[in-house]
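Input: a single structure, listed below in structure tokens.
The values are calculated or read from the model by the stated rules, or taken from the named source; none is laboratory data. A quick note: this is a predicted structure, and the numbers were derived from the prediction, not measured. Neighbour counts run over all protein chains shown; Cβ positions are idealised from the backbone, glycine included. In case anyone asks, the SASA skips ligands and DNA or RNA and just uses the protein heavy atoms, side chains included. Shrake-Rupley method; radii C 1.70, N 1.55, O 1.52, S 1.80 Å.
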Amino acid sequence: MRTENIFAFFMLISIVSFLGFAVENLWMAATKGYMDNRNMTLPFLLGYGLAVAAIFFLFGIPSKMRIGTYILPFKSKAASIFFYYLAVALCISVGEIALGTLVEKVCGIVWWDYTNLPFHITKYTSLFTSIGFTAIIVLFMEFAALPLFRFVSSWNIVVLGFCSCTLMLLMLVDFGRSAYLMWRDKKLLVTWIHETKKNRIYRALHGI
């Protein structure tokens, strides 16, 4: 892979990590009535960026699903998207269970809990959350991933290299620091909270 493509992937990971932070906080604002730092210091959730990068390398894009470098011979785009959706949903469910269980065993923290949701599979994943997260990822991979990649690839390579490598380094340091503090203190790393229960949208969603 060419150097500029590596830089572009780093930038794409950074963008998706920021979007993951934003989406999680929007979900928390709508369902729990608050937003917070999501256990990080910076507004990036590296796991989302790495997950999307892994999905791209494993499966490509929904309308042209592949396994590694082998493009699967589906007869229609709809079939490719359907099986792509199933593969991503399975990966998300397994990944959530693995990450949640690991954090619980190592840090003694229940990072999230879906047991109050219907059709949950362990406390760390559920049918409806997997369907929702997968839909977001499939839409992003089909319509946004490659245009974003091409856009950042068009940047001056020095600017792209500096920005992408700096963001990746900052996210890795932040992730490592947060993981260490959660392991050391056996609790979530909460540095700020913004209540949204008085927000008009929250009140409408909850019939208040």
The distance between the Cα centres of segment 96-115 and segment 6-22, in whole Å, is 24
If N is the residue count of segment 1-93, its Cα Rg over 2.2 N^0.38 Å rounds to 1.29
XL table Lys105/Lys197; Lys123/Lys198; Lys123/Lys186; Lys105/Lys198; Cα-Cα > 25 Å flagged, in table order, is Lys105/Lys197; Lys123/Lys198; Lys105/Lys198
Once phi for every residue in segment 120-125 is put through the Karplus expression 6.51 cos²θ - 1.76 cosθ + 1.60 (θ = phi - 60°), the whole-Hz ³J(HN,Hα) values, with Gly and Pro written as x, are 7, 10, 6, 7, 9, 8
Between Leu169 and Leu117, the two model label points (7 Å from Cα along the beta-carbon direction) sit apart by a distance in nm of 3.7
For Cα extents along the principal axes in Å the list reads (i) 46, 42, 38; (ii) 52, 31, 29; (iii) 57, 41, 38; the calculated value is entry (i)
Answer check: segment 93-208, Cα atoms, Kirkwood Rh, Rg/Rh ratio of 1.05
So the carbon and sulfur contribution to the accessible area of the chain, 1.4 Å probe, in percent, is 73
Per GNM of the chain with C-alpha springs under 10 angstrom, the most fluctuating residue out of Phe21, Phe57, Phe162 is Phe162
